[in-house]
Ligand code: NAD
């Protein structure tokens, strides 16, 4: 049987690209929150390309009871989840003065607490099965702190790196846990950036452009594969070479 992969936030951007790429060799489970039409389009595309209909599950990751319901649904179809890709995330960029406790907490709930809960609920079964891989999609913002406007996002992504390292320790030697830190990627998350700002940022990147989601998906594909069997507890930047 193919390995089973749960990808959070797979209705758009990096998550959708990861799901499509992995669907050729893995049983992918497409999680979404609000992008129902988009995730259904992706489901149909994958079904056509692979002759296998992926399971689609919905939940708001900021709500633990919804996470539990989603996992119940998954375990009705599959005995286990072999690979977890914690990809879903949000950013709420505002001036420092406009930052609020509510938004700060919302970002932490989705970007950090949800990966913690999913890993806590799925990881022990991986350990029991003596096999598992967890990939956490953090950000270069979890290492660098370029803009005060993302002070909350940066903290959530730095926290995710810390979470990954703790999980790698705790679930060793059976579960490999790695963190990917993308720089700028062309997705909806950046759809409101103005062109002057984009040019300024592109000038700081040695490759002179933002990544496309598939380039991040390629790294995910490699890291979950057996070719990366000895890569564990690592933080891997994929940013085209950013010179701040
Ligand atoms: P995106 O906005 O296309 O994807 C984010 C996904 O998270 C969406 O599918 C969305 O539905 C899901 N999501 C948001 N809130 C949710 C909730 N409450 N419950 C469940 N799902 C929810 O953007 P993306 O760029 O593809 O982002 C994917 C990941 O990559 C995020 O964790 C993001 O922080 C990270 N990242 C993105 C960039 C970038 O420049 N785009 C850079 C570094 C890291």
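Readers should treat all values here as calculations from the given coordinates under stated rules, not as data from a laboratory. The structure displayed is predicted, hence computed values, not measured ones. No Cβ is skipped: glycine too gets one built from the backbone with ideal geometry, and neighbour counts run over all protein chains shown.
Give me 126, 1 sorted ascending by neighbouring Cβ count inside 10 Å, so fewest comes first. List each step's numbers first, then the result.
Numbers: 126 23, 1 8.
Starting with the residue having the fewest Cβ neighbours, the order is 1, 126.
Quick one: divide the alpha-carbon radius of gyration of segment 1-91 by 2.2 N^0.38 Å and tell me what you get.
Working: Rg = 12.0 Å, N = 91, 2.2 N^0.38 = 12.2 Å.
For segment 1-91, the normalised Cα radius of gyration comes out at 0.98.
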Any chance you could give the angle, 0 to 90 degrees and rounded to 10, that helix 213-224 forms with the longest Cα principal axis of the chain? 50
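Considering every pair of different Cα atoms, what Kirkwood radius, in Å, is found for segment 54-137? Don't jump to the answer; show the numbers that get you there.
Working: mean 1/r = 0.0707 Å⁻¹.
About 14.1 Å for segment 54-137.
What does the highest-first list of 136-145, 59-68 look like by mean Cβ count within 10 Å? Mind showing how you got there, number by number?
Working: 136-145: 22.1, 59-68: 16.5.
Most protected by this proxy first, the peptides run 136-145, 59-68.
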Here, segment 72-116 modelled as identical Cα point scatterers in vacuum has Debye log10 I(q)/I(0) at q = 0.14 Å⁻¹ of -0.50
Extension gain (nm, one decimal) between residue 92 and residue 222, 0.36 nm per residue minus Cα-Cα: 43.8 nm
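May I ask for the equivalent-ellipsoid semi-axes of segment 170-240, computed as the square root of five times each C-alpha gyration tensor eigenvalue and listed largest first in whole Å? If you can, show how the numbers build up before the last one.
Numbers: eigenvalues 181, 24, 22 Å².
One finds semi-axes of 30, 11, 11 Å for segment 170-240.
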Throw me the Rg/Rh for segment 103-235, computed over C-alpha atoms with Kirkwood Rh, two decimals. 1.00
With the crude spin-label approximation of a point 7 Å out along Cα→Cβ, what separation in nm comes out for residue 131 versus residue 65? 3.6
Relative to the longest principal Cα axis of the chain, at what angle does helix 64-77 sit, 0 to 90 degrees, rounded to 10? 40
Simple spin-label estimate for residue 186/residue 38, 7 Å along Cα→Cβ, in nm, reads 1.6
Mean projected area, convex hull of alpha-carbon positions in segment 1-51, reported to one decimal in nm², is 3.1
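Among 5-16, 42-53, how do they line up by average Cβ neighbours within 10 Å per residue, starting with the highest? Please report the intermediate quantities before stating the final value.
Values: 5-16: 26.3, 42-53: 14.3.
My ranking of the peptides, most packed first, is 5-16, 42-53.
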Would you please put 95-101, 209-215, 109-115 in order of how densely packed they are, using the mean number of other Cβ atoms within 10 angstrom per residue and starting with the highest? 109-115, 209-215, 95-101
To the nearest 10 degrees, the tilt of helix 151-171 (Cα long axis) against the first principal axis of the alpha carbons of the chain is 30
For the chain, just list the percent of Cα-Cα distances falling in each 10 Å bin from zero outward, please. 7, 32, 38, 18, 4, 0
